[in-house]
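The values are calculated or read from the model by the stated rules, or taken from the named source; none is laboratory data. From a predicted model like this one, the values you see are computed outputs, not experimental measurements. All Cβ positions, even for glycine, are placed from backbone atoms using ideal geometry, and neighbour counts span all protein chains on display. Side chains are part of the model used for accessible areas, which takes the heavy atoms of the whole protein and leaves out ligands, DNA and RNA. Shrake-Rupley method; radii C 1.70, N 1.55, O 1.52, S 1.80 Å.
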Amino acid sequence: LVTQWTSHASFLFPTALFQLEEVRQGKKTFSFGFGVDEEYASLLNIEDSPFIEYIPSRMCVHTVIPSRSSIHLDTDLLEDAFRWMEKSNLRIQGDIVTRVVLMLRPDSEYFNWHQVWIPVEP
């Protein structure tokens, strides 16, 4: 599946998924894989399988967070967003999805920027 998907590299983006139940349990783990926008899935003949998860559109808090080789991606980086959500009376209502939008290595360390979608319900 990885070989098949990488043949469509210009349509793919690296993505992390933090499962809601694990976030609620205070776990910092996530699954990492490839993402593709829904509009390109049919063009690329991507079909449903046990290894593919469809993430439907829904109301989300949208933010960006940095990570780097020495500061790994985890839910600690979302604490500012979680505090803002609490002040705004918004509750997390689904798995958190990220999209790596920038990855660079100016010296000996990688720097990344992640778009983040946190599904919410007022």
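Scanning residues 5 or more positions from residue 35 or on other chains, those with amide H under 5 Å from its amide H are 13, 15, with H placed 1.01 Å from N in the peptide plane. Computed over region 1-98, the range of Cα coordinates on each principal axis works out to 42, 32, 22 Å, biggest value leading. Ordering 37, 107, 76, 48 by accessible surface, largest first, gives 48, 107, 76, 37; the 1.4 Å probe counts only protein heavy atoms, with every chain in place. Phi angles of region 46-54 translate, via the Karplus equation with coefficients 6.51, -1.76, 1.60 and θ = phi - 60°, into HN-Hα couplings of 7, 10, 4, 7, x, 9, 10, 10, 7 Hz per residue; Gly and Pro are given as x.
What number comes out for the charge environment of residue 112, summing +1 per Lys or Arg and -1 per Asp or Glu over other residues with Cβ under 12 Å away?
Residues close to residue 112 contribute a combined charge of +2.
Loop-located trypsin sites (Lys or Arg not before Pro) across region 37-122 with a Cβ neighbour count of 12 or fewer within 10 Å are 58, with loop assigned by DSSP.
Ranked from the most accessible area to the least, with a 1.4 Å probe and all protein chains present, what is the order of 111, 18, 51?
Largest accessible area first, the residues go 51, 111, 18.
Here residue 53 sits with roughly 110 square angstrom of accessible surface, probe radius 1.4 Å. Taking every C-alpha pair closer than 8 Å and separated by at least 6 residues, the mean separation divided by the residue count of the chain gives a relative contact order of 30 percent. Using the Karplus relation 6.51 cos²θ - 1.76 cosθ + 1.60 with θ = phi - 60°, the per-residue 3J(HN,Hα) values for region 59-71 come to 5, 9, 7, 10, 8, 10, 9, x, 9, 7, 3, 8, 10 Hz, with x marking Gly and Pro.
Leaving ligands, DNA and RNA out of it, report the carbon-plus-sulfur percent of the accessible area of the chain at a 1.4 Å probe. Could the numbers behind the result be given before it?
Details: 4410 of 8240 Å².
Within the chain, the accessible surface is 53 percent carbon and sulfur.
Kindly report the accessible area of the chain per residue (heavy atoms of protein chains, probe 1.4 Å, no ligands, DNA or RNA), in Å². Before the final figure, lay out the partial values.
Details: 8240 Å² over 122 residues.
Result: 68 Å² per residue.
Stokes-Einstein, applied to the Kirkwood radius of region 1-56 over Cα pairs at a viscosity of 1.306 mPa s and 10 °C, places its translational diffusion at 126 µm² s⁻¹. Only protein heavy atoms count here; on that basis, with a 1.4 Å probe, residue 64 has an accessible area of about 80 Å².
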